[in-house]
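The structure under discussion appears below in the form of structure tokens.
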Amino acid sequence: MKSLVFFISPLIVKCFPSSVPLMKSMDQTSKTAPECPFQKRYPSQLVKDDEFYMTLAYNEAINAWKANEVPIGAIVEYGGEIVGKGHNQVEISKDPTAHAEMLAITQASRSIGDWRLNEATLYVTKEPCPMCSGAAIMSRLKRVLYAVPDPKMGGLGGAFNVNEYPGINHTCIINSGVLQDECTELLQSFFRLKRESNNRSI
């Protein structure tokens, strides 16, 4: 094995001269986030309805934008309290599983002290992907409410429905549409401004 490494290593050096890094850091290639034109909202604490909690998820999405992440935010409500929250952190953490929903569910489970979130509701600004939809079911969430449907990658009815998989031992109540226009505008504006920024830099 030692001799194999001895003969291969000069080839590697030849193919990749010391003046050229083998791998560029993501930080070197990433660009700064476009300026966010949206402001956080501060709903009244007197009426804690679906719009109240989705507004808090919307605020988390703005946090994602400012971190140069796809602006998606999530909140987990349990017994009228926020027990979990999160926004996309895929780029900053270099973790493909660091979606808003996954982070919020993990935080909620730690807060409650149980992986079963039977009486909890997940509020998220865009329909969860298959991974996050599966996590919602595996964590036994009572309900999932998303703002924007995702016909390409949505896992709760957009592209397909994980919640209706035959033989599954738990299903969530699924609702959608709260703050749909606001969350759609947030997402579309982010990608539009990113494209415009990239075009200017060429």
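For residues that are in a helix (DSSP H, G or I) and either small (Gly, Ala, Ser) or touching a strand residue (DSSP E or B) at 6+ places or on another chain (Cβ under 6 Å) (or both), tally how many sit in segment 83-104.
Here is the first cut: in segment 83-104, the ones in a helix (DSSP H, G or I) are 90-93, 100-104.
Still in the running and either small (Gly, Ala, Ser) or touching a strand residue (DSSP E or B) at 6+ places or on another chain (Cβ under 6 Å) (or both): 93, 100-101, 103-104.
Residues meeting the conditions: 5.
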request  = Working only within segment 142-179, note down all residues that are assigned to a loop (DSSP other than H, G, I, E, B), closer than 21 Å to residue 56 by Cα and open to solvent by 50 Å² or more (accessible area, probe 1.4 Å).
outcome  = 142, 149
request  = Scan segment 94-110 residue by residue and report those that are farther than 21 Å from residue 61 by Cβ and open to solvent by 50 Å² or more (accessible area, probe 1.4 Å).
outcome  = 110
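Please note which helices (runs of 4 or more DSSP H) are completely contained in segment 1-76 and include at least 3 residues that are within 16 Å of the chain's Cα centre (by Cα) and at pLDDT 95 or above. Please lay out each step first, then the result.
On the way: elements: 2-15, 26-29, 50-66.
Filter on segment 1-76 gives 50-66.
The values are calculated or read from the model by the stated rules, or taken from the named source; none is laboratory data. Computed from a predicted model, the values in this text were never measured in an experiment. Here the Cβ is made from the backbone with ideal geometry for all residues, glycine too, and neighbour counts use every protein chain on show. Heavy atoms of the whole protein, side chains included, go into the accessibility calculation; ligands, DNA and RNA do not. Shrake-Rupley method; radii C 1.70, N 1.55, O 1.52, S 1.80 Å.
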